[in-house]
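S.K.: Following this message is one structure expressed as structure tokens.
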Amino acid sequence: MKLYNYFRSSAAYRVRIALNLKGIAWEHFGVHLVKGEQRSPEYLKLNPAGLVPSLVDDEANVILQSLAIIEYLDEKFPQPVRLMPSDALARAHVRALSLSLACDAHPLNNVRVLSYLTKELGVTDAQKSAWISHWITTGLDAFEKSLAESGRPGTFCFGDTPTMADCVLVPQVFSARRFSVDVSQYPRVSAIDSHCNSLKAFQDAHPSKQQDFQP
């Protein structure tokens, strides 16, 4: 499998975690978002939205959107760990947790949104930082409350095995720390993040471990 990704992309980070948890071998193809490589004609043929990640399976099948990719991997490779529960209601809860960050929080702080704020709307660096902090905090506030109200205690977001929700949470916490958001105010989120990052699959997916990493 080929994964077109950028080391600091939260969406790509999610898929790297999922691939590692599944034990699937994959090839790295870097798409540097800050340099604008996602807008090249070649990449736009692969992904018309000009986003990462893009997963190419068997040279013919291209799957886009990180959560769709994760569910595809889970269905095609159910072992050694299932990232989506077998019960319909439990799957809905895991999807809801995942979507709350992947759709409600993360997109507001991705490269193209921040670029539009600064280049088109003239937002200052201080205003941009306040924007980022506000939306990360809003997302993690809701996530922490959802975990507390779920009635599903465990070492991961949903029980004692990793799910898609953990694949989404860990990159979001990485972004929070990168933008100086105090994650200690979220005890359950912090505990889950710490536990996940003790596992090799999560460690190897970390941005600093990627071929295109730049400090």
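The values are calculated or read from the model by the stated rules, or taken from the named source; none is laboratory data. Just so it is clear, the model here is predicted, and its values are computed rather than measured. Methodologically, a virtual Cβ is constructed for each residue, glycine included, from the backbone with ideal geometry; neighbour enumeration extends over all protein chains shown.
Yes/no per residue for (1) under 25 Å from G50 (Cα atoms); (2) surrounded by 13 or more Cβ atoms within 10 Å (Cβ to Cβ); (3) in the same structural domain as R14 (by TED's automatic domain parsing); (4) basic (K, R):
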site	(1), (2), (3), (4)
L114	yes, yes, no, no
L121	yes, no, no, no
F156	no, yes, no, no
M164	yes, yes, no, no
D182	no, no, no, no
Q185	no, no, no, no
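S.K.: Mind telling me which of the residues R39, R8 ends up being free of Cβ contacts under 8 Å to residues at least 40 places away in the same chain and either touching a strand residue (DSSP E or B) at 6+ places or on another chain (Cβ under 9 Å) or outside the structural domain of D160 (by TED's automatic domain parsing) (or both)?
M.R.: R39
S.K.: For region 135-187, enumerate the residues that are among the aromatic types (F, W, Y) and free of Cβ contacts under 8 Å to residues at least 40 places away in the same chain.
M.R.: Step one: filter region 135-187 for residues among the aromatic types (F, W, Y), giving 135, 143, 156, 158, 174, 179, 186.
Correct list: W135 only.
S.K.: Please give the number of the condition P215 fails out of (1) at pLDDT below 95; (2) crowded, with 20+ Cβ neighbours inside 10 Å; (3) not basic (K, R).
M.R.: Among (1) at pLDDT below 95; (2) crowded, with 20+ Cβ neighbours inside 10 Å; (3) not basic (K, R), P215 violates only (2).
Rundown of residues vs (1) within 22 Å of Y6 (Cβ to Cβ); (2) assigned to a loop (DSSP other than H, G, I, E, B); (3) out of contact with any His (no Cβ under 6 Å at 6 or more places or on another chain); (4) modelled with pLDDT under 95, yes/no style:
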residue: L117; (1), (2), (3), (4): yes, no, yes, no
residue: A130; (1), (2), (3), (4): no, no, yes, no
residue: W135; (1), (2), (3), (4): yes, no, yes, no
residue: G139; (1), (2), (3), (4): yes, no, yes, no
residue: A148; (1), (2), (3), (4): no, no, yes, yes
residue: G154; (1), (2), (3), (4): no, yes, yes, yes
